[in-house]
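Please read the structure below before turning to the comments.
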Amino acid sequence: MKNQSNNSKILSNLLYFKLLPVLAMSGLLDLKPITAAREINAAVVNVSGRQRMLSQRTALFALRLVCTQDVVEQEKLRQELLAAINLMEKSHNGLINGDAEMKLPGNPSPTVEAMYFDLPLNLDKQVRNYITQARLLGEIDKSELTQDNFHLQYILNASATDLIKALDAVVSQYQQESDRQQLAIDLHLAELYQQSCEATEKAQAQSQKLEQALTDLRSYQTQLVQTEKMSSLGQLVAGVAHEINNPVNFIYGNLSHASEYVQNLLELLQLYQESNSKPSHKIQEKIEDIELDFLIEDMPKLLSSMKIGAERICQIVLSLKNFSRIDQSQMQVVNIHEGIDSTLLILQHRLKVRNGLSEIQVVKEYGDLPLVECYAGEINQVFMNLISNAIDAIEEVTDRPGQITICTELLPSDEIVVRIADNADGINRKIKARLFDPFFTTKPVGKGTGLGLSISYQIVAEKHHGKITCNSQPGQGTEFLIQLPVQQTRKSTAQLSTAFAAS
């Protein structure tokens, strides 16, 4: 496990350093400063344009203020006039000195600054004079609100001639500077994007190789751990089976003698009864107390039941020993049917009625198979994975009784085939295409690792030079076919000859 951790760290570090150029480029492409610059440019252009609108609005309020005779309306117009002129003053100061609330940076360009403070425009002076005249108009007595009022005439003339021209000039200058800055940003972005694409393309190629290597390593390590688990489980099961086998054999071996002894004692008891037709009162009480007639009738049945139970335990122990054949150093010549039967016996508890589901029927159609050379424990592991998956699929079906059919056959090619089929809902094409991928599972988190079929494929195809395939259609159940050569040594020799001839 220590080597596994070290290998993962090495690959992770390699992946990080290969992706470092892309990470650095991502830093250059930070959009926050660019977005902020765009927002500032938009705010400056918008506020400068608002100044023009406010000057016209102020002139309109001033004219309406003079023309109306309604006292209430006059007061309302005074407030609107002062509000407009205050906003105009705030915007003007923000454009020159900055205003965080309006996202104005201040510090205008030399060209704009000259337009504000130098002739011929001297816009700062024009704006402040305009604001002063508007405030004076808004504060004078209503008796002075006449159309020839000096403040009104100033406002109307300025808003129609010099002030409006100066404001238009500044708005145009702000827009031009914003366009130039935006163009520079776009060019810079395009250059960085091109550099980023080139670096990303190179890094992605490297990362894909490293990711594949990491996936392969994880798969190998997980399969190694799984194999070690199965090996440890096999050794544990074999040890337990051995320990159980000794006392069970002792019990089973003595049951026949016990039956014989009991039968002899019962016959002797019968002779005593025949020779002593009038037993003593004490013996008669004991006979009635122990229900002698029932005891004589039930004792052989009891011993027969004990014998059947002992035979069942012996069968289970034998199945455990067969299933735990995990010898990685050499192959064994085994009876495939024994491996299937021992697997079914271990899974017997899952085939019975439970949770309201009917018992799963197992139909066995065994052909006449020779002994097969294989790693018996690993082949049993394949049977365990496939039959367990079939049970899982059947448990999701509630509208019909579940059934698993297991067929075996010897092929003319000196290979055997084992078919394990269920009558569940089947598998769709997309899932079937990924069945043997490592870590792929359709089961909920915690119920499946996605390694059962992947390991089964490795055992059958790589270790035994066989084939494992899946036939399934939605609604028509699923069938797995396991094809194994009868003799591995002959298969390996034939493969070497073919490879030599091809070279």
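The values are calculated or read from the model by the stated rules, or taken from the named source; none is laboratory data. Fair warning: this is a prediction, and the values are worked out from it, not measured in the lab. Note that we place each Cβ from the backbone using ideal geometry, even for glycine, and neighbour counts take in every protein chain shown.
Numerical summary
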read-out: Residues within the stretch 123-156 that are in a loop (DSSP other than H, G, I, E, B), in contact (Cβ under 8 Å) with a residue 24 or more places away in the chain and surrounded by fewer than 17 Cβ atoms within 10 Å (Cβ to Cβ), tallied; value: 2
read-out: Filtered residues of the stretch 88-117 (kept if within 18 Å of residue 174 (Cβ to Cβ), among the aliphatic types (A, V, I, L, M) and free of Cβ contacts under 8 Å to residues at least 60 places away in the same chain); value: 88, 95, 96, 102, 114, 115
read-out: Residue within the stretch 125-148 that is touching an Asp or Glu at 6+ places or on another chain (Cβ under 9 Å), among the aliphatic types (A, V, I, L, M) and over 21 Å from residue 62 (Cα atoms) present; value: no
read-out: Test: residue in the stretch 432-443 that is modelled with pLDDT of 90 or more and outside any helix (DSSP H, G or I); value: no
read-out: Residue identified as in the same structural domain as residue 169 (by TED's automatic domain parsing), at pLDDT below 90, on the phi > 0 side of the Ramachandran plot and basic (Lys, Arg) among 32, 103; value: 103
read-out: Which numbered condition residue 284 misses (of (1) outside the structural domain of residue 314 (by TED's automatic domain parsing); (2) modelled with pLDDT of 80 or more; (3) not basic (Lys, Arg)); value: (1)
read-out: In the stretch 383-405, the residues that are under 24 Å from the mean Cα position of the chain (by Cα) and either part of a loop (DSSP other than H, G, I, E, B) or aromatic (Phe, Trp, Tyr) (or both); value: 396
read-out: Failed item in (1) without any contact (Cβ under 8 Å) to a residue 24 or more places away in the chain; (2) in contact with a Phe, Trp or Tyr (Cβ under 7 Å, 6 or more places away or on another chain); (3) not hydrophobic (A, V, I, L, M, F, W, C), with residue 352 passing the rest; value: (2)
